[in-house]
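Trainee: This is the structure, below, for whatever I ask next.
The values are calculated or read from the model by the stated rules, or taken from the named source; none is laboratory data. All figures in this text were calculated on a predicted structure; none of them were measured in a lab. Using ideal geometry, Cβ is built from the backbone for each residue, glycine included, and neighbour counts are taken over all protein chains shown.
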Amino acid sequence: MPGAGVDVPVIGVGTSRRYNDPKTEAEWAQLRASVARFAELGGTLIDTAPAYGKAEEVVGRLVDELKIRNRLFLATKVGAGTVAEGREQIEQSFRNLRTPVIDLIAVHNLRDAANQIATLRELKRQGRVRSIGVTTSSRSGFAPTATAMGQAADEYDELEAIMRREQIDVIQVDYALDNRDAGDRILPLAQERGMAVMINLPFGRGRLFEATKDRPLPDWAREIGAATWAQIFLKYIVSHPSRPIAIPGMAQPRYVDDNLGAARDPLPDAAMRRRMEQFIDGL
Ligand SMILES: NC(=O)c1ccc[n+]([C@@H]2O[C@H](COP(=O)([O-])OP(=O)(O)OC[C@H]3O[C@@H](n4cnc5c(N)ncnc54)[C@H](OP(=O)(O)O)[C@@H]3O)[C@@H](O)[C@H]2O)c1
């Protein structure tokens, strides 16, 4: 991982929605078991954000209870409209995550990017943050500058402009077997700029599972060592030449076992990747 200078395994945990607000001990137990299993299998990256309800606090508590902080790469975000608001939110993230050093903070959905990146750079110089970055999760989102002018925008245009302008370590973007735009323009630019890539919405939430529901795995799944649909979808992502890190939402230990299995060889080559694209486009 640029900035932090550590290797991060290609499957991490996403915590939006399912880590937002566990209420019962059974819900806590399921999340605790998922995080414990993830670390046991050698996983390191957990992605969270102040915008995900209580997810930061939940992650902080679980990591503390499991005593695994030094085995993890904790990533969160800042989503604020001003420098002061951003600084305040970041200080709360340190408290929520119960750590003096956060491995990655990224500007959430490019909001107030120039100002927030300046703050993150300062924190990086102080050694409180190891890597810095930006995120988006939809090409058709409303990019901040365009929104200010009252226009709908291509959010990837804004992301590309930031990637060319700023020295950052990591970008996070949506990419999936049925949502491939970022693979053609954003991921190659990240490679060119020496930035690591994290992929959100690797299953398009439920979209890819819905599209393949009730279908048997294709014959070629065996050729890439995929035993489940989830492994097919993740192997497609992690075999992109930019070698991205996918962060599927996983709040069940069986998902952790399944999804981390996707990192194992063999991975699809270029010809197989085209075959996978044709398959999904044909559904
Ligand atoms: N702008 C941003 O920065 C941004 C935006 C969106 C997401 N993110 C990050 O990206 C992460 C991933 O996005 P996401 O969680 O919304 O969507 P996702 O990863 O595309 O889908 C996650 C859902 O897929 C299902 N799933 C996971 N593993 C499975 C398996 N092995 N077999 C069958 N089903 C499986 C689960 O559904 P059920 O729980 O329903 O069973 C899970 O909630 C987020 O958690 C967040 O950390 C960032």
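Trainee: Checking K124 against (1) over 30 Å from T212 (Cβ atoms); (2) within 14 Å of the ligand (Cβ to nearest atom); (3) at pLDDT 95 or above, which test does it fail?
Mentor: It fails just one condition, (2).
Trainee: Right, here's the next one. Checking F142 against (1) buried (at least 18 other Cβ atoms within 10 Å of the Cβ); (2) aromatic (F, W, Y); (3) modelled with pLDDT under 95, which test does it fail?
Mentor: For F142, the failing item is (1).
Trainee: Ok, one more. Condition first: more than 14 Å from the ligand (Cβ to nearest atom) and within 17 Å of the chain's Cα centre (by Cα). Can you find one or more residues in segment 251-268 that meet it?
Mentor: no
Trainee: Follow-up question, since we're still on this one. Can you find a residue that is modelled with pLDDT of 95 or more, closer than 21 Å to T136 by Cβ and in a loop (DSSP other than H, G, I, E, B) anywhere in segment 52-70?
Mentor: Yes: one or more hits.
Trainee: Any residue that is outside any strand (DSSP E or B), within 15 Å of the ligand (Cβ to nearest atom), within 14 Å of the chain's Cα centre (by Cα) and crowded, with 17+ Cβ neighbours inside 10 Å - is there at least one of those in segment 72-86?
Mentor: So far as segment 72-86 goes, no, none of its residues is outside any strand (DSSP E or B), within 15 Å of the ligand (Cβ to nearest atom), within 14 Å of the chain's Cα centre (by Cα) and crowded, with 17+ Cβ neighbours inside 10 Å.
Trainee: Okay, moving on. How about segment 211-237: which of its residues are surrounded by fewer than 19 Cβ atoms within 10 Å (Cβ to Cβ), among the hydrophobic types (A, V, I, L, M, F, W, C), more than 11 Å from the ligand (Cβ to nearest atom) and part of a loop (DSSP other than H, G, I, E, B)?
Mentor: L217
Trainee: Can you pull out the residues in segment 165-210 that are part of a helix (DSSP H, G or I), closer than 17 Å to S140 by Cβ and either of a type in the set (F, W, Y) or near the ligand (Cβ under 10 Å from one of its atoms) (or both)?
Mentor: Selection gives R207 alone.
Every residue, every condition in (1) farther than 29 Å from D265 by Cα; (2) surrounded by fewer than 21 Cβ atoms within 10 Å (Cβ to Cβ), yes or no:
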site: P2; (1), (2): no, yes
site: I11; (1), (2): no, no
site: R17; (1), (2): yes, yes
site: K23; (1), (2): yes, yes
site: A26; (1), (2): yes, yes
site: K54; (1), (2): yes, yes
site: D64; (1), (2): yes, yes
